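Please read the structure below before turning to the comments.
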């Protein structure tokens, strides 16, 4: 049975791990082994607790609508707004929270051979986990802001420590973009409170107060959208993500992936739509346009570029277009699809980057043409790549399928014409990945001088195994989780329906 | 003869008595560098501790259901004043502890420094208690001038003396600006009593804007607001570290106390013609200071500019004349003081080892001295406002306060300032953690300095989490009879 301390433990255990790691010596190999083992424990324990304690809530009848378990304690009173230490899981955030804990375990495993700045690296990695799990676990907008801003500097440092060409510039871009996004979120929140006369930042309360009308609502919504879309890496705010992933080491790239679209997509649904539905209704057309632009820009860029990491980064940007489209459709089905696709992304995107990183790191090549056939004798990498790519384009039985299916079905009802373009974008995205898969993993006797990339093994294999298992299992058993997610999104959809002149069509 | 008034003056009296003892010890031992010279620090700390203990009595009684205000005509010991009493005495104690590694550079004038420090503390206490323009001016002079004088104590360094003379001149100039502003207010209101000023200001007079601007400039100079930020940063100077640290921290407190008492308190109830002037000054400072910080190649000056950017939020929050607005300012001060003491103390300790604070000197410090670099990194992260550290909440409250005051543009400038500050700190963090290691291994600060820095770093780390109770105290202190219309 979940207790009040469960979520606090899941969120803050990595912070304790970071402090322990910082205090450990790193003079010998044994010391370094202890450091990474500590980091592994600090990430694996929250995962085990989350799996054991939280996932059981999914099968409870009617669960998902009301946050449970909950810890709620007053934090700041007597100011213009009230701040609470309020954590809780519901249909919107539970799966994302569980998946994030799994991915961080995989990231630590992927960092097993890391050698530079040992303590700092693992400590920053663990601190980043606190920020991302906290973003998902909180039920208070004030705390959401804190956790939303939390990982910016640690991620910037991790990226800059890569010391590859352009890593510092990419870190600067990340910090500036995400600081501005955080600023937009703060400004939007404060304006919302000021205009609505509300003082509490509790999600439940905020989603029941009257939405702002006219220009104030539009301004608040624009600020919320800017924050969410910048974090997602949506067009035209995607450069920080593409540049970051293309210069980062493989584990840091995985971190960037898990801290971008899942957090941004969640903020889009939880904050931008649920908190300001009137404003959201005013920006439907721009949102749909942005969804198509992001999808096509990402897919076409991935198709056009030769750099393997950039192909992966751009194709991940394109997935953001699908999430935006799902959010802009407003029905509970499409919103559930958007959240489930974010959930799928948490497993599939790091897996994709892990495979791409492994190929580039071992071959010391980054361009697609010289890599022809390089990974033809690496069946594990090939399988992982296939799972990741297939999950992200919605191949049945994998974790991405339910999300994309729900988005498309709801989209066909609400925006038939746009949905046709979305499907075209998915096809383009598929061709981009097909090109990579075909080029890198199939045998190419004409390029025999390229040394074959060794297959995944050791900690890297376990890391990939964790992510691939998540992508397959949560796809196979999606039937258990989808109703739970729908319960969470139903409240958001109902709130939008309540203020909409014509209620959005509910897809069955 | 009724000597009850002595009780009310106990904290200030103890400080002045401590100053007299420091002077005596200095006179006795200055020539011989005898053992008493080393004891002066502890005498000063004892005086600060006793003064703090004496303040606690008032503090406890003022938090009852009907808190008594103890009047002295031109001084009052209300909760607002007591907040500053506590903050000043703790800050001065933190400065003495954190900067202890650098006190030897003041020899043979160590005793004079502690004398000036205690007198300056008494000045801040008088400033915070003042309800009369004349008393406020006297208190501010007493707070500012001793520390400006103390900066000239390293007489063996001609460059340091020249900079100290410049600092003294600017301090004098800022005091004159304040006194002209105060005189104009007194002339317009027909009284020097702050309680009577709002009643005297019955109509909007353009001269009031001039008066408020002069007051804001005079008091704001202590916070380093535009155009005084170059002076407050000690740009290009080789000022002795301990007086510079003490002058910075006590100046912040004295300036904030005057701004709150006079502008938010005295003029707050009158026509609000001054708010835009103050907001513009704050807006310029919050943007210019981090930009100047970006240009610096020395960490000490970068830190001071970033502190100025944070302290400018005090000025930015003044137009919101309410209990919450005042409490936000007080909380901001609580967060900024330990940051300033710990960061400048750490840098003083590095300087005492003969190492510079330029980026070339600190490159790769993490590999050479991990604890020192880790401490610097945590404190710099606090300065950047990284959540959930105290600086983050201070900035958040300031932005909300500006919005409530109807100054949306100022809120945007504050957010922009935070972004630039974040970039500056990122650059320094990258320097500290740089893989290129070129320099000697640095020792940790001395035991006394270590205790001070550890306590201040603990405050930086915990004040964000403890925002609830701390803000509660700040809001009680913000509900003074002089605050709000």
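Observations on the model:
- Residue count, region B:379-406 (criterion: outside any helix (DSSP H, G or I), more than 8 Å from chain A (Cβ to nearest Cβ) and crowded, with 23+ Cβ neighbours inside 10 Å): 2
- For the condition within 23 Å of residue A:189 (Cα to Cα), over 22 Å from the mean Cα position of the chain (by Cα) and not in a helix (DSSP H, G or I), residue B:465 qualifies.
- Being away from chain A (no Cβ under 14 Å), closer than 26 Å to residue A:81 by Cβ and surrounded by 24 or more Cβ atoms within 10 Å (Cβ to Cβ) is a property that holds for residue B:311.
- Residues of region B:430-450 that are in contact with a helix residue (DSSP H, G or I) (Cβ under 6 Å, 6 or more places away or on another chain) and part of a helix (DSSP H, G or I): B:430, B:431, B:432, B:448, B:449.
- Condition check for residue A:176: buried (at least 24 other Cβ atoms within 10 Å of the Cβ) and within 23 Å of residue A:254 (Cα to Cα): no
- Qualifying residue in region A:128-141 (condition: out of contact with any helix residue (DSSP H, G or I) (no Cβ under 6 Å at 6 or more places or on another chain), surrounded by fewer than 24 Cβ atoms within 10 Å (Cβ to Cβ), within 14 Å of chain B (Cβ to nearest Cβ) and in contact (Cβ under 8 Å) with a residue 40 or more places away in the chain): no
- Residue in region A:181-198 that is closer than 26 Å to residue A:347 by Cα and either modelled with pLDDT of 85 or more or away from chain B (no Cβ under 12 Å) (or both) present: yes
- One residue alone among B:36, B:44, B:54, B:19 is within 26 Å of the chain's Cα centre (by Cα), assigned to a helix (DSSP H, G or I) and either under 28 Å from residue B:327 (Cα atoms) or at pLDDT below 85 (or both), and that residue is B:54.
- Filter result for the condition that a residue is without any contact (Cβ under 8 Å) to a residue 24 or more places away in the chain, touching a helix residue (DSSP H, G or I) at 6+ places or on another chain (Cβ under 6 Å) and more than 14 Å from chain B (Cβ to nearest Cβ), over A:209, A:175: A:209
- Helices (runs of 4 or more DSSP H) contained in region A:234-296 and holding at least 2 residues more than 30 Å from residue A:106 (Cα to Cα): A:277-282
- Taken as a whole, the condition of being away from chain A (no Cβ under 14 Å), on the phi < 0 side of the Ramachandran plot and in contact with a helix residue (DSSP H, G or I) (Cβ under 9 Å, 6 or more places away or on another chain) does not apply to residue B:365.
- All conditions but one from (1) closer than 24 Å to residue B:293 by Cβ; (2) touching a strand residue (DSSP E or B) at 6+ places or on another chain (Cβ under 6 Å) apply to residue B:467; the one that does not is (1).
- One residue from B:425, B:451 being within 9 Å of another protein chain (Cβ to nearest Cβ), in contact (Cβ under 8 Å) with a residue 40 or more places away in the chain and under 25 Å from residue B:369 (Cβ atoms): B:425
- Count of region B:88-117 residues which are outside any loop (DSSP other than H, G, I, E, B) and farther than 19 Å from residue B:449 by Cα: 3
- Scanning region B:456-481 for residues that are more than 21 Å from residue B:300 (Cβ to Cβ) and away from chain A (no Cβ under 14 Å), we see that the one that is modelled with the highest pLDDT is B:480.
- Members of region A:157-172 that are more than 8 Å from every other protein chain (Cβ to nearest Cβ) and either assigned to a helix (DSSP H, G or I) or closer than 18 Å to residue A:229 by Cα (or both): A:158, A:159, A:167, A:169, A:170
- Qualifying residues in region B:321-339 (those that are within 11 Å of chain A (Cβ to nearest Cβ) and crowded, with 24+ Cβ neighbours inside 10 Å) - the one farthest from residue B:275 (Cα to Cα): B:331
- Odd one out for residue B:376 among (1) at the interface with chain A (Cβ under 10 Å from one of its Cβ atoms); (2) touching a residue at least 24 places away in the same chain (Cβ under 8 Å); (3) under 26 Å from residue B:458 (Cα atoms); (4) assigned to a helix (DSSP H, G or I): (1)
- Filter result for residue A:89 (at pLDDT 90 or above and more than 14 Å from every other protein chain (Cβ to nearest Cβ)): no
- Any chance residue B:418 is surrounded by fewer than 24 Cβ atoms within 10 Å (Cβ to Cβ), closer than 24 Å to residue A:187 by Cα and within 11 Å of chain A (Cβ to nearest Cβ): no
- Yes/no for residue A:46 being out of contact with any strand residue (DSSP E or B) (no Cβ under 7 Å at 6 or more places or on another chain) and either surrounded by fewer than 18 Cβ atoms within 10 Å (Cβ to Cβ) or farther than 23 Å from residue A:99 by Cβ (or both): no
- Boolean, residue B:174 is modelled with pLDDT under 85 and buried (at least 16 other Cβ atoms within 10 Å of the Cβ): no
- Residues in region A:143-156 that are in a helix (DSSP H, G or I) and within 8 Å of chain B (Cβ to nearest Cβ): A:145, A:146, A:147, A:149, A:152, A:153, A:156.
- Checking each residue in region A:212-227 for being within 12 Å of another protein chain (Cβ to nearest Cβ) and at pLDDT below 90 picks out only A:216.
The values are calculated or read from the model by the stated rules, or taken from the named source; none is laboratory data. Predicted model, so just to flag it, every value in this text is computed and none were measured. Positions of Cβ are generated from backbone atoms using ideal geometry, with glycine treated the same way; all protein chains shown enter the neighbour counts.
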